[in-house]
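Working notes for the structure below.
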Amino acid sequence: MKAVSDIKNRDGKLGVFWHTQGSGKSFSMVFFTQKILRKIPGNWTFVIVTDRNDLDTQIYKTFSSVGAVNEDCQAESCEGLRALLREDQWFIN
């Protein structure tokens, strides 16, 4: 949370990554992003990057099932990502 609070001194850039299989990454991502939205005011956009379509779908379904997203926010291409960023989405997967 400290690094997020200090994001202005980081030129608006911050990254978080998980890499251990079966450790609850999808739920950890939901908890992390929801905590940021609750605790730190700002116009946040969370971009989740995966290396597999099945993982991308799993994470999207997790965010959707807990109510964190209620619209399609999955980018299928670079142009799709640009379009979602222009729409000011909170979550992009």
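The values are calculated or read from the model by the stated rules, or taken from the named source; none is laboratory data. Keep in mind the model is a prediction, meaning the values are calculated, not measured. Every residue, glycine as well, gets a Cβ built from its backbone with ideal geometry; the counts of neighbours run over all protein chains shown. For accessibility, only protein heavy atoms count, side chains too; no ligands or nucleic acids. Shrake-Rupley method; radii C 1.70, N 1.55, O 1.52, S 1.80 Å.
The table that follows gives values for the structure above.
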quantity: Check: the chain dipole with +1 on Lys, Arg Cβ and -1 on Asp, Glu Cβ, in debye; calculated: 580
quantity: Where chymotrypsin sites (Phe, Trp or Tyr not before Pro) fall in DSSP loop in the range 1-60, at most 15 other Cβ within 10 Å; calculated: Phe17, Trp18, Trp44
quantity: With every protein chain in place, the chain: carbon and sulfur % of accessible area (1.4 Å); calculated: 51
quantity: Rh (Kirkwood; distinct C-alpha pairs) - the chain, Å; calculated: 14.1
quantity: Inter-site label distance for Glu71 and Lys2 at 7 Å from Cα along Cβ, in nm; calculated: 3.7
quantity: Amide H contacts of Phe46 (H built 1.01 Å from N, under 5 Å, at least 5 apart or other chain); calculated: Phe91, Ile92
quantity: DSSP loop trypsin sites (Lys or Arg not before Pro) with at most 11 other Cβ within 10 Å excluded, longest remaining stretch of the chain; calculated: 53-93
quantity: GluC sites (Glu not before Pro) lying in DSSP loop within the range 22-91, provided at most 13 other Cβ fall within 10 Å; calculated: Glu71, Glu76, Glu87
